[in-house]
Amino acid sequence: MTLGIDIEQFARDPYGSGIQRVLQHLALNWPADIPAVFIVPVEYEWALLTPAQAAELLSIPFELREADADLRELVTAGIKSMAEVRVTEADLSSHVDSWLLPEVSYLPSVLTRLERFEGVIPTAMIGYDALPMTHPANYRFAPGNAGWVSEYFRHLTRVDSVICISDYAAREISQRLRRDPGKLTTVAHPGGDHLPSRTAWNRESSGPTRFLRVGTMEARKRPLEILEGFRKAIQGGASAELVYVGKPSASDERINEGISAAIAEGIPVTWVSDADDARVYDELHRADVFLSIGVEGYGIPVLESIRLSTPVIYDGIQPAGEIMEGMGARRVNAASEEALASMFSEYGDGARRNELADEIQLEAIPTWRDFTDAVARHSVSRGLTGGNSSAGHS
């Protein structure tokens, strides 16, 4: 039984996102005993790539390249060089026995193809979250695209198996989207072991504590609340600095303006808006404390931070933080600007931040091999649960 894995969305829009990191490691760790082909567009046909070929292709956004290189052109050239097996859209069904959509896509072609296979062969999706439905203010969709967004989430309720990246995602898909309880909804945690571990940064105990926050400036991640809490702590005498790494908000210009204004005001805040992976990892390693505040579907940067020996403070909906609780991550009260100010003041103390670092347990970080094995196993079955949804760890 050959599994078809649809990565057209990646081919059309490669940019090195967290989801595309998941795709990369699916291909890199794909189990040899489950035959699979990765499906990508090539001219007017479809190329069937082996997991090894797909891994090479999916790694392109995460490799060092010339600053002016066009990522889409690099990926397109890679596909053409690998496309030894090409088939038409109509012939796809004769080459696969089951189908997996492993990425979020609102492309009509992707969703129409998935619908064609539903009910004919086993179909599966990786369930990342339902945030565009539950937190729509954080997302800006292209005009005329809203119907396809809804269509994508409708498919999450219908396919045979959904492999969710967290218990939170499983609950939202089962309860908020009302996925059919007679179909399999299970959980497998993405890994953090793609990074070589590093020893702790040689920190000056007497210097200011370096707090780091990574990710796009979305309201659900509370960047302005973090900023105002930090401002209060600095005004109260805290010895700290705050670093933001992430692209500007596309949905709320007030966030971008607020952070820029704080920097102009002279508050010890830095904003790196165009960091490549190497810069992100260096910033993670150099930080004293990594902040993950607000709502995350999962939170791979939490795992990356711990892998680089930087402890994590988190609050809100933080699946990766909860997985690593007491093993490199610690939940704090960050419900208000005052609570955040207290947190910055408390963990600005050198002894407190070192106490956090001493809790790190690298062996507790989820692995990509375990994640991929679970996705592969559940993608080739009908995913029937006998009438009860299954939202457990795999």
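The values are calculated or read from the model by the stated rules, or taken from the named source; none is laboratory data. A quick note: this is a predicted structure, and the numbers were derived from the prediction, not measured. Every residue, glycine among them, receives a Cβ derived from its backbone with ideal geometry; neighbour counts consider all protein chains shown.
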message: The conditions are (1) hydrophobic (A, V, I, L, M, F, W, C); (2) out of contact with any strand residue (DSSP E or B) (no Cβ under 9 Å at 6 or more places or on another chain); (3) under 20 Å from Pro122 (Cβ atoms), and Ala69 fails exactly one of them. Which is it?
response: (3)
- request: Within segment 160-181, track down each residue that is touching a strand residue (DSSP E or B) at 6+ places or on another chain (Cβ under 7 Å), over 18 Å from Gly297 (Cβ atoms) and not hydroxyl-bearing (Ser, Thr, Tyr).
  value: Asp160
message: So Met327 passes all but one of these: (1) under 17 Å from the mean Cα position of the chain (by Cα); (2) surrounded by 16 or more Cβ atoms within 10 Å (Cβ to Cβ). Which condition number does it fail?
response: (1)
query: Which pairs have Cβ atoms under 6 Å, sit 6 or more apart or on different chains, and link a residue in segment 350-366 that is more than 12 Å from Val312 (Cβ to Cβ) and part of a helix (DSSP H, G or I) to one that is modelled with pLDDT of 95 or more and among the aliphatic types (A, V, I, L, M)?
result: Ala364/Met327
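Listed here are the residues, each with its yes/no results for (1) surrounded by 15 or more Cβ atoms within 10 Å (Cβ to Cβ); (2) more than 17 Å from the chain's Cα centre (by Cα); (3) of a type in the set (Val, Ile, Thr).
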residue	(1), (2), (3)
Ser81	no, yes, no
Glu84	no, yes, no
Val87	yes, yes, yes
Ala90	no, yes, no
Ser98	yes, yes, no
Ala146	no, yes, no
Asp160	yes, yes, no
Ile165	yes, no, yes
Gln175	no, yes, no
field: Elements of type helices (runs of 4 or more DSSP H) in segment 1-62, at least 2 residues being closer than 20 Å to Leu195 by Cα and modelled with pLDDT of 95 or more
entry: 18-28, 51-58
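Matching residues to (1) touching a residue at least 60 places away in the same chain (Cβ under 8 Å); (2) under 18 Å from Ser345 (Cβ atoms):
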site: Val214; (1), (2): yes, no
site: Pro248; (1), (2): no, no
site: Val269; (1), (2): no, yes
site: Val280; (1), (2): yes, no
site: Phe290; (1), (2): yes, yes
site: Tyr298; (1), (2): yes, no
query: Taking into account only those residues within segment 100-133 that are under 30 Å from Val295 (Cβ atoms), hydrophobic (A, V, I, L, M, F, W, C) and touching a strand residue (DSSP E or B) at 6+ places or on another chain (Cβ under 8 Å), which is modelled with the lowest pLDDT?
result: Leu131
message: Looking at segment 251-258, can you tell me whether even one residue there is in contact with a helix residue (DSSP H, G or I) (Cβ under 6 Å, 6 or more places away or on another chain), assigned by TED's automatic domain parsing to the domain that holds Thr310 and outside any loop (DSSP other than H, G, I, E, B)?
response: yes
message: Kindly evaluate Leu184 against the criterion of being within 19 Å of Thr372 (Cα to Cα), touching a Ser or Thr at 6+ places or on another chain (Cβ under 8 Å) and not aromatic (Phe, Trp, Tyr).
response: yes
field: Among (1) more than 30 Å from Thr88 (Cβ to Cβ); (2) modelled with pLDDT of 90 or more; (3) surrounded by fewer than 19 Cβ atoms within 10 Å (Cβ to Cβ); (4) among the basic types (Lys, Arg), the one test that Arg154 misses
entry: (1)
Per-region count, segment 250-267, residues touching a residue at least 24 places away in the same chain (Cβ under 8 Å) and not β-branched (Val, Ile, Thr): 7
Ile163 vs. criteria in contact with a Lys or Arg (Cβ under 6 Å, 6 or more places away or on another chain) and in contact (Cβ under 8 Å) with a residue 40 or more places away in the chain: no
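Of all residues in segment 335-348, which are among the acidic types (Asp, Glu) and touching a residue at least 40 places away in the same chain (Cβ under 8 Å)?
Step one: list which residues in segment 335-348 are among the acidic types (Asp, Glu), which gives 337-338, 346.
Listed by number, the residues that qualify are Glu337, Glu338.
Residues in segment 56-76: is at least one of a type in the set (Val, Ile, Thr) and more than 24 Å from the chain's Cα centre (by Cα)?
no
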Helices (runs of 4 or more DSSP H) (entirely within segment 261-349) containing at least 3 residues that are over 20 Å from Ala219 (Cα atoms): 277-286, 300-307, 337-347
